Every structure is written in C-alpha cells, then in structure tokens.
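Working notes for the structure below.
The values are calculated or read from the model by the stated rules, or taken from the named source; none is laboratory data. These figures come from a predicted structure and were not determined experimentally. Please note: Cβ atoms are built from the backbone with ideal geometry, for glycine as well, and neighbour counts cover all protein chains shown. Accessible surface areas use protein heavy atoms only, side chains included; no ligands, DNA or RNA. Shrake-Rupley method; radii C 1.70, N 1.55, O 1.52, S 1.80 Å.
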Amino acid sequence: LSRASFHETALGLAELESVLEGVPPVYRKLFSFQPLSDPDLLIGRSDAQTFIERHLEQFELGMPQAAVLVGGPSSGRTSLLNVIAGTMLREHDVRWMRINERPTSARQLLQLMRSSLRLDIPEADSIPEAARKMLARDPQGKAPLCLVEHMETLMMRGIGGYDLFADMLQFMSLTDSRIIWIGTVSSFAWQIMESANQSAAVLVNRHTLADLSRADLERLVMERHRKSGV
C-alpha cells in the first residue's frame, strides 16, 4: 500500500463502528469476520474441496496419507473445515482438536489428543513411540476423521522449536492407515518446517489455499448481499 492508501484504510477502520451503526443487523452478521459454516458463502475454495474429496477416496482405496491445509492469516481455513464437516464429512466420525494453547512436551500433546480426539493412545515417552504402540494393537471399528487446527501453535521460539510440530506430522503419518487426518497450519509456519525439517514436511500431503481473486471477492460480497434479503 502507498502511504496515502494506508492512511485512508486506517481512517476507514477507525470510523468503522460509527458507519456500521446505520447498517442492518443482518448485514453486520453476514459480513462479520467470524468463521462461516454456510456452504453457500464459501467462495473460491473448490480446489481445496476437490483435494479433500480425493483425500477421502485415497483412504478408501487403501492408499492413505495424512493431509494438511496451508494458508495465510484469515485465509478461511476454519470456515473451510466448518463447511466440509457439515457436507462431505457428514457420514464420518468427525473429531476436532483446536490447538489454542501451546503444549510444551510430547506428553502434553499426547494428552491433548486423547482428550480432544478421544483416541486410545498408549502411554509413551515420545510421540513416535505412542504411534508405534497404537499400530501394534488391532484396529477397532471405523476409522475416525480427525481435524487438527492451528498446528503452527506447536512451534516454539528457540533451538529445536519445530521438533514438536515434526513429531505431530510423524504421528499423523504413522497412523494414517487407522485415522483420516486433516490438519491446518499457517503458511509462515509451514515455510519454516519445509526449510528446517523437510523429511517431516514430506510425510503429509499438503494443499495450499490460494488467495481469493477480485472476481471471487465480488462474488463473495454479492452472495452475502443476496442472503441478506435487503
């Protein structure tokens, strides 16, 4: 942005609340920045939906591989998961884990997976060891579909700060014959992982969410306008 454009944008945001006071409540709701769940409002994500469809097909064909969706800030990763959970994943045993607080050890991460994903994970000193113990057991019932959000939270500043993230990718890869994995991670964190530990990054199948085009944004606005009934 130029200095003038930046100033204009900042001024517009500062006056946003006063402008919104005269906007119908339905408009304010439809144009909020909260993640959406209405499939009619998910715009420009057909490639990602096709990627997930193929991911599910590969699992059914006996060619499983954990999947990761990569996107920048406000790219709509949560909205995409909300929509597919209510559409193409309806017949699956969907379990959700949002990593909002940073685990600092393998034991903490394993406990988070047990509680959030309801997985019967054996006690172990490391995440790879826990995965190997799980595989030594006989499979029980239909494979759950586990959605893991905010995987970038596993990264810590410092030497070896990406180790826990790498262990999580390895766990997903080792258990992908028993569990259908779909994770989300920020593009910045994924860039670091690919540079710091490429052997871990290649363990999963990655799809990068594309930036919305101008046509997508115009369609996004008009779909919300039509939904408003105004």
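Sort through 75, 37, 18 and tell me the only one that's hydroxyl-bearing (Ser, Thr, Tyr), at negative phi and touching a Leu at 6+ places or on another chain (Cβ under 6 Å). So that I can check it myself, show each step before the final result.
Numbers: 37 fails: touching a Leu at 6+ places or on another chain (Cβ under 6 Å); 18 fails: touching a Leu at 6+ places or on another chain (Cβ under 6 Å).
Residue meeting the stated conditions: 75.
Please find, among 164, 212, 220, the residue that is buried (at least 20 other Cβ atoms within 10 Å of the Cβ) and either out of contact with any Lys or Arg (no Cβ under 6 Å at 6 or more places or on another chain) or in a loop (DSSP other than H, G, I, E, B) (or both). Give the steps one after another, and end with the answer.
Working: 212 fails: buried (at least 20 other Cβ atoms within 10 Å of the Cβ); 220 fails: buried (at least 20 other Cβ atoms within 10 Å of the Cβ).
Residue meeting the stated conditions: 164.
Can you name the residue in the stretch 23-37 that is farther than 15 Å from residue 228 by Cα and loosely packed, with under 11 Cβ neighbours inside 10 Å and is also modelled with the highest pLDDT among such residues? By that ranking, first place goes to 34.
Table: residues versus (1) open to solvent by less than 70 Å² (accessible area, probe 1.4 Å); (2) without any contact (Cβ under 8 Å) to a residue 60 or more places away in the chain; (3) of a type in the set (A, V, I, L, M).
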residue: 115; (1), (2), (3): no, yes, no
residue: 121; (1), (2), (3): yes, yes, yes
residue: 129; (1), (2), (3): yes, yes, no
residue: 140; (1), (2), (3): no, yes, no
residue: 144; (1), (2), (3): yes, yes, no
residue: 179; (1), (2), (3): yes, no, yes
residue: 184; (1), (2), (3): yes, no, no
residue: 198; (1), (2), (3): no, yes, no
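Among the residues of the stretch 167-177, count how many are buried (at least 19 other Cβ atoms within 10 Å of the Cβ) and part of a loop (DSSP other than H, G, I, E, B). Result for the stretch 167-177: 2. Applying the selection to the stretch 146-161, what residues are open to solvent by 10 Å² or more (accessible area, probe 1.4 Å), of a type in the set (D, E, K, R) and not in a helix (DSSP H, G or I)? Of everything in the stretch 146-161, just one residue is open to solvent by 10 Å² or more (accessible area, probe 1.4 Å), of a type in the set (D, E, K, R) and not in a helix (DSSP H, G or I), namely 157. Out of all the residues in the stretch 1-54, which are closer than 17 Å to residue 85 by Cα, touching a residue at least 24 places away in the same chain (Cβ under 8 Å) and either acidic (Asp, Glu) or in a helix (DSSP H, G or I) (or both)? Across the stretch 1-54, the qualifying residues are 38, 39, 40, 41, 47, 48, 49, 51, 52, 53. Please determine whether any residue of the stretch 100-107 is in contact with a strand residue (DSSP E or B) (Cβ under 8 Å, 6 or more places away or on another chain) and either hydroxyl-bearing (Ser, Thr, Tyr) or open to solvent by 90 Å² or more (accessible area, probe 1.4 Å) (or both). The answer is no; no qualifying residue exists.
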